[in-house]
Amino acid sequence: MARLSSRGVRLHKKGLELLQPEPRVVKIAKDYFHIHTYGGFTPFFAGLLKKKLMATRCANRACKEKRLFLPPRPHCPDCLLPMKWVAAPLEGTIYTHTTILYPGAPFKLTTPCPLISVELPGVCTRMMSYLKRGTPYIGMKVRAVFNTAKPTHSILDLAFEPVEPA
Ligand SMILES: [Zn+2]
């Protein structure tokens with residue numbers, strides 16, 4: 001049996017920082033991290049590093065579901081078998097948009113930030129992203145751009161920019 005110190009039990013760590021007394025608000029330092037798997041979505045995030053938009057389509061010949069999904073679905077919504085990964089077009093048009101002026105605390109981009117919904121040819125779903133430069137409008141031609149220099153390994157490695165007129 002361990003012997004107790006003659007000095008008794010004491011705090012050995014610093015307390016919390018008091019930010020405001022009424023109502024009481026304290027600052028809590030955290031020193032943990034979170035390990036997260038992308039699981040079946042791994043090919044999509046790996047594709048961003050290769051400047052590709054990886055979408056999925058059902059490869060089961062007996063299945064009638066043949067639409068191209070982006071964001072991808074690892075499994076077919078109809079037959080539930082694993083889908084085939086296919087590179088989607090990188091250029092499309094803005095379907096709709098909004099601009100974030102007053103984001104919540106976890107928002108990682110600067111504001112004002114134009115969020116856009118992009119229609120890509122042959123893709124049955126619309127990709128949500130942000131417009132890296134320019135002022136968005138419905139029907140604007142845009143092209144996917146990728147942050148491969150200092151990747152975040154998150155969806156923020158994808159953005160869109162206006163397609164310059166030729
Ligand atoms: Zn299917």
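The values are calculated or read from the model by the stated rules, or taken from the named source; none is laboratory data. In this text, all values refer to a predicted model and were calculated from it rather than measured experimentally. Here the Cβ positions follow ideal geometry from the backbone for every residue, glycine too, while neighbour counts run over all protein chains shown.
Values computed for the structure shown
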| item | result |
| --- | --- |
| Among the residues listed as 108, 30, the single one being at pLDDT below 95, touching a helix residue (DSSP H, G or I) at 6+ places or on another chain (Cβ under 7 Å), in a loop (DSSP other than H, G, I, E, B) and of a type in the set (Lys, Arg) | 108 |
| Total residues in segment 82-112, condition closer than 30 Å to residue 59 by Cα and charged (D, E, K, R) | 2 |
| Hits in segment 131-154 - residues which are outside any loop (DSSP other than H, G, I, E, B) and under 18 Å from residue 47 (Cα atoms) | 143, 144, 145, 146 |
| Residue list for segment 83-95, restricted to those being farther than 14 Å from residue 162 by Cα, assigned to a strand (DSSP E or B) and either more than 16 Å from the ligand (Cβ to nearest atom) or touching a residue at least 40 places away in the same chain (Cβ under 8 Å) (or both) | 85, 87, 88 |
| Close pairs (8 angstrom Cβ cut-off, 6 or more residues apart or separate chains): within 11 Å of residue 90 (Cβ to Cβ) in segment 39-53, of a type in the set (Ser, Thr, Tyr) anywhere | 51/148 |
| From the options 47, 8, 15, 39, residue that is more than 16 Å from the ligand (Cβ to nearest atom), loosely packed, with under 11 Cβ neighbours inside 10 Å and under 16 Å from the mean Cα position of the chain (by Cα) | 39 |
| Every pair of residues 6+ apart whose Cβ atoms lie under 8 Å, when the first sits in segment 66-77 and is in a loop (DSSP other than H, G, I, E, B) while the second is at pLDDT 95 or above and of a type in the set (Asp, Glu) | 76/65; 77/65 |
| Subset of segment 71-82 that is under 18 Å from the mean Cα position of the chain (by Cα) and within 14 Å of the ligand (Cβ to nearest atom) - its residue that is surrounded by the fewest Cβ atoms within 10 Å (Cβ to Cβ) | 74 |
